[in-house]
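Chemist: Please find one structure pasted underneath; my questions will follow.
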Amino acid sequence: MAITYPTSLDTFTNPLSTDLLTSPDHATQHANINDAVEALEAKVAIGNTVIGTYTAFTPTFTNLTVGNGTSSARFSRVNNVVDYYGYFILGTTSSVTGLVNITLPVTANSIYAGLTGIPMGDLEMFDISASTWFKGELFSVSSATATRARIWTTSGTNVINNSSANITAPMTWATGDQLLWNITYEAA
């Protein structure tokens with residue numbers, strides 16, 4: 001029997017104490033188990049990478065002109081859980097022109113496409129000219145392939161408003177301003 005993992009789960013024959021070494025074949029039994037263990041080790045990896053390897057991803061944006069801006073993102077998928085983080089720094093030819101959406105590296109579960117407003121993770125926005133950080137989140141926008149930037153505003157100690165990041169919110173975007181995110185969501 002050749003192993004089929006990781007495409008599918010293997011089914012091994014467990015020998016009984018009364019079985020001869022030829023039923024199942026002893027050498028084949030060891031070879032199959034060794035192959036299965038090697039496949040598991042390859043899937044799980046070594047060192048600090050327990051399960052899931054981070055992969056570079058180039059996001060696309062809606063209502064954000066990349067121009068000569070700088071963007072970097074990475075994601076890891078373990079089963080149906082996706083961890084995705086990245087940043088965008090506006091360059092001299094970059095601009096925000098409306099509500100900012102960011103593409104997802106892996107298609108999300110259909111619940112995200114069915115509902116708008118499901119929080120997906122953290123968002124930070126930095127206004128370089130005022131040296132000020134703004135807090136927000138990324139949330140579902142009736143799409144399984146994108147998420148939208150939302151800012152939080154406060155009154156005293158309470159969050160009172162959630163509005164989408166746009167051309168003038170949370171600031172008038174300019175060269176050097178930053179958008180940073182880290183989200184976790186369920187894949188399709």
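Chemist: Taking Ser17, is it outside the structural domain of Asn79 (by TED's automatic domain parsing), under 28 Å from Asn79 (Cβ atoms) and not in a helix (DSSP H, G or I)? Walk me through how you get there before you give the answer.
Modeler: On the way: outside the structural domain of Asn79 (by TED's automatic domain parsing): yes; under 28 Å from Asn79 (Cβ atoms): no; not in a helix (DSSP H, G or I): yes.
Against the criterion (outside the structural domain of Asn79 (by TED's automatic domain parsing), under 28 Å from Asn79 (Cβ atoms) and not in a helix (DSSP H, G or I)), Ser17 does not qualify.
Chemist: Filter the stretch 18-28 for residues that are among the hydroxyl-bearing types (Ser, Thr, Tyr) and either at pLDDT below 80 or surrounded by 10 or more Cβ atoms within 10 Å (Cβ to Cβ) (or both); which is nearest to Ala39 (Cα to Cα)? Give the derivation first.
Modeler: First, pick out the residues of the stretch 18-28 that are among the hydroxyl-bearing types (Ser, Thr, Tyr): 18, 22-23, 28.
Keeping just the survivors that are either at pLDDT below 80 or surrounded by 10 or more Cβ atoms within 10 Å (Cβ to Cβ) (or both) gives 22-23, 28.
On the way: Thr22: 25, Ser23: 25, Thr28: 16 Å.
Of everything passing the filter in the stretch 18-28, Thr28 is nearest to Ala39 (Cα to Cα).
Chemist: Against the definition (closer than 24 Å to Ser129 by Cα and either of a type outside the set (Ser, Thr, Tyr) or loosely packed, with under 12 Cβ neighbours inside 10 Å (or both)), how does Thr58 come out, yes or no? Spell out how you get there, then give the answer.
Modeler: Numbers: closer than 24 Å to Ser129 by Cα: no; either of a type outside the set (Ser, Thr, Tyr) or loosely packed, with under 12 Cβ neighbours inside 10 Å (or both): yes.
Here the answer is no, as Thr58 does not meet what is asked.
Chemist: Something else now. Among the listed residues Tyr185, Tyr112, identify the single one that is of a type in the set (Phe, Trp, Tyr) and either modelled with pLDDT of 95 or more or in the same structural domain as Pro6 (by TED's automatic domain parsing) (or both).
Modeler: Numbers: Tyr112 fails: either modelled with pLDDT of 95 or more or in the same structural domain as Pro6 (by TED's automatic domain parsing) (or both).
Among Tyr185, Tyr112, only Tyr185 is of a type in the set (Phe, Trp, Tyr) and either modelled with pLDDT of 95 or more or in the same structural domain as Pro6 (by TED's automatic domain parsing) (or both).
Chemist: Next question. Could you grab the pairs with beta carbons closer than 6 Å, sequence gap of 6+ or different chains, first residue in the stretch 153-172 and touching a residue at least 60 places away in the same chain (Cβ under 8 Å), second one charged (D, E, K, R) and surrounded by 10 or more Cβ atoms within 10 Å (Cβ to Cβ)?
Modeler: Pairs that qualify, where the first residue is touching a residue at least 60 places away in the same chain (Cβ under 8 Å) and the partner is charged (D, E, K, R) and surrounded by 10 or more Cβ atoms within 10 Å (Cβ to Cβ), are Ser164/Arg148; Ser164/Arg150.
Chemist: Quick one: Gly117 ticks every box in (1) of a type in the set (Gly, Ala, Ser); (2) closer than 20 Å to Val159 by Cβ; (3) surrounded by 15 or more Cβ atoms within 10 Å (Cβ to Cβ) except a single one, so which number is it?
Modeler: Unmet for Gly117, out of (1) of a type in the set (Gly, Ala, Ser); (2) closer than 20 Å to Val159 by Cβ; (3) surrounded by 15 or more Cβ atoms within 10 Å (Cβ to Cβ): (3).
Chemist: Next question. Cβ contacts < 7 Å: first residue exposed (fewer than 14 other Cβ atoms within 10 Å of the Cβ), restricted to the stretch 64-88; second residue of a type in the set (Phe, Trp, Tyr), any location; separation 6+ or different chain. Result?
Modeler: Listed pairs, sorted by first residue: Ser72/Tyr87.
Chemist: Within the set of pairs 6+ apart or on separate chains, which have a first residue in the stretch 121-149 that is without any contact (Cβ under 8 Å) to a residue 12 or more places away in the chain and assigned by TED's automatic domain parsing to the domain that holds Thr97, a second that is in a strand (DSSP E or B) and not aromatic (Phe, Trp, Tyr), and C-beta atoms under 7 Å apart?
Modeler: Note: pairs meeting the criteria are Trp133/Glu124.
Chemist: Do the conditions hold for Gly98, that is, is it touching a strand residue (DSSP E or B) at 6+ places or on another chain (Cβ under 6 Å), assigned to a strand (DSSP E or B) and surrounded by fewer than 17 Cβ atoms within 10 Å (Cβ to Cβ)? Outline the logic, then answer.
Modeler: Numbers: touching a strand residue (DSSP E or B) at 6+ places or on another chain (Cβ under 6 Å): yes; assigned to a strand (DSSP E or B): yes; surrounded by fewer than 17 Cβ atoms within 10 Å (Cβ to Cβ): yes.
When the stated conditions are applied, Gly98 passes them.
The values are calculated or read from the model by the stated rules, or taken from the named source; none is laboratory data. In this text the structure is predicted, and so the values were computed from the model without any measurement. Ideal geometry is used to build each Cβ from the backbone, glycine not excepted, and the neighbour counts take in all protein chains shown.
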